[in-house]
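Undergrad: Below is one structure. I have some questions about it.
The values are calculated or read from the model by the stated rules, or taken from the named source; none is laboratory data. Remember, it's a predicted structure, so these values are computed and weren't measured experimentally. Because the Cβ atoms are built from the backbone with ideal geometry, glycine has one as well, and the counts that use them run over all protein chains shown. Side chains are part of the model used for accessible areas, which takes the heavy atoms of the whole protein and leaves out ligands, DNA and RNA. Shrake-Rupley method; radii C 1.70, N 1.55, O 1.52, S 1.80 Å.
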Amino acid sequence: QVQVAESGGGLVQAGGSLILSCTASGSIFSPDVMAWYRQAPGKQRELVATMPSGGSTVYADPVKGRFTISRDNAKNAVYLQMNSLKPEDTAVYYCTAVDRFQHYWGKGTQVTVSS
């Protein structure tokens, strides 16, 4: 079995910063891709940023220049540094680890940005 766990969410004022962390553990050696998604109330889950093990990172347009994704392959961990946060960034943020086309999801962590 594979477990994915996120941490680091919380309440922050607009313009502030947060860093999210995620670790994949269990029967997973080295995820092909680790990524962050988010889901705001009443909206579909959307990609925030993705980082393949050997490729280029991809960011959604709304977060370009403000968010930075990084990985620690030795720990099967992925991080999301979020700067200049806006109220529209409020959402549950989910981490996913992709291994041989299988997506493993965490339970999510709430990020709330107040205006």
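Undergrad: Taking the condition of being within 24 Å of Gln13 (Cβ to Cβ), in contact (Cβ under 8 Å) with a residue 40 or more places away in the chain and either under 13 Å from the mean Cα position of the chain (by Cα) or surrounded by fewer than 14 Cβ atoms within 10 Å (Cβ to Cβ) (or both), how many residues in region 57-85 meet it?
TA: So the count comes out to 5.
Undergrad: Scanning for something of a type in the set (Phe, Trp, Tyr), modelled with pLDDT of 95 or more and out of contact with any helix residue (DSSP H, G or I) (no Cβ under 8 Å at 6 or more places or on another chain), does region 14-31 turn up at least one residue?
TA: Taking region 14-31 and keeping what is of a type in the set (Phe, Trp, Tyr), we get 29.
If we keep only those that are modelled with pLDDT of 95 or more as well, we get none.
No.
Undergrad: Tell me the residue from Ile19, Ile28 that is open to solvent by 60 Å² or more (accessible area, probe 1.4 Å) and either among the aliphatic types (A, V, I, L, M) or in contact (Cβ under 8 Å) with a residue 24 or more places away in the chain (or both), please. Don't jump to the end; show me each part of the working.
TA: Numbers: Ile28 fails: open to solvent by 60 Å² or more (accessible area, probe 1.4 Å).
After ruling out the rest, the residue left standing is Ile19.
Undergrad: Which number in (1) closer than 17 Å to Pro87 by Cα; (2) modelled with pLDDT of 95 or more marks the one condition that Thr50 misses?
TA: So the condition that Thr50 fails would be (1).
Undergrad: Considering only residues that are open to solvent by 50 Å² or more (accessible area, probe 1.4 Å), assigned to a loop (DSSP other than H, G, I, E, B) and touching a residue at least 60 places away in the same chain (Cβ under 8 Å), which ones fall in region 31-56? Before the answer, list the steps.
TA: Looking only at region 31-56, we keep the residues that are open to solvent by 50 Å² or more (accessible area, probe 1.4 Å), and these are 32, 37, 39, 41-47, 53-54, 56.
Checking the rest, the ones that are also assigned to a loop (DSSP other than H, G, I, E, B) come to 32, 41-45, 53-54, 56.
Correct list: Asp32 only.
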